[in-house]
Amino acid sequence: MSDPVPSSLRKVVSWHFVSADGVAEDPDRFFTTWDDETDVRSNEVIATQDTVVLGRRTHDEWAPFWPTSDIEPFATFINAVTKYVATSTPLGHDWTNTHVIEGDLADAVRHLRAQPGGDIGVHASISVTRALITAGLVDEIRMVVMPTVIGSGRSLLAGLPELKLEMLGCETTPAGHLLLDYRVRPAA
């Protein structure tokens, strides 16, 4: 069993909804049911996070939606949490507690990990997740796998270097969702 993240560093936790064939792009295409167990897991994930890193596309989709959403508790969480956006251009939406990452994404996340605080979440941002996994900065990958095969779209994990994962938890919900929690093992 691998050692957990040193207590002096914050964990980076990737949280995604994916189809059974690994597609994470446009989850509204395959995420059609919800149940209490999925809700509990979602709440557990966000309860430990006080910072979120988003890609530009996710920011642009979420910034106009979440401030007026009543989907709780995620709306309250994502609107209040400190958000860092990986982008090279100015943001087009004003969203509370949102900051542009200046410079290199991996360097910015290394800096955030060294600061006091809770977990750092990466939500719905495929490119950011891939870049941080490649840089060795994602500590846990948590997924809700939907019982649907999409057949096309961007995969969350395709094209990454080889990863060794340690199972932290696995649960099947009444709606047929597979809740998977993995620790990313350090490269040898």
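Just so you know, all these numbers are worked out from the coordinates, no wet-lab data involved. Predicted model, so just to flag it, every value in this text is computed and none were measured. No Cβ is skipped: glycine too gets one built from the backbone with ideal geometry, and neighbour counts run over all protein chains shown.
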Whole-Å distance linking the alpha carbon centroid of the stretch 125-182 with that of the stretch 49-84 is 20 Å
Share of Cα-Cα pairs in the chain beyond 20 Å, whole percent, is 54 percent
A chain fully extended from Thr89 to Glu162 at 0.36 nm per residue, minus the present Cα-Cα distance, gains in nm 23.1 nm
On each of the three principal axes the extent of the alpha-carbon atoms of the stretch 76-127, given in whole Å and largest first, is 29, 27, 20
For the pair Val149 and Ala75, the simple spin-label estimate (label points 7 Å beyond Cα toward Cβ) gives in nm 3.7 nm
Charge tally for neighbours of Ala47 with beta carbon under 12 Å away, counting Lys, Arg as +1 and Asp, Glu as -1, is -2
So for R0 = 22 Å, FRET eff. of Glu171-Arg57 from the Cβ-Cβ r, to 0.05, ends up at 0.15
Note on the chain: contact order normalised by length, alpha-carbon pairs under 8 Å, 6 or more apart, percent, works out to 35 percent
Percent antiparallel among DSSP beta bridges confined to the chain, rounded to 5, stands at 40 percent
Taking only the alpha-carbon positions of the stretch 144-188 as identical scatterers, the Debye log10 I(q)/I(0) at q = 0.13, 0.30, 0.34 Å⁻¹ comes out as -0.41, -1.08, -1.13
Residues whose modelled amide H sits under 5 Å from the amide H of Gly118, counting only those 5 or more places away in sequence or on another chain, are Asp50
For the stretch 53-149, listing GluC sites (Glu not before Pro) in a DSSP loop whose Cβ sees at most 10 other Cβ atoms within 10 Å gives Glu102
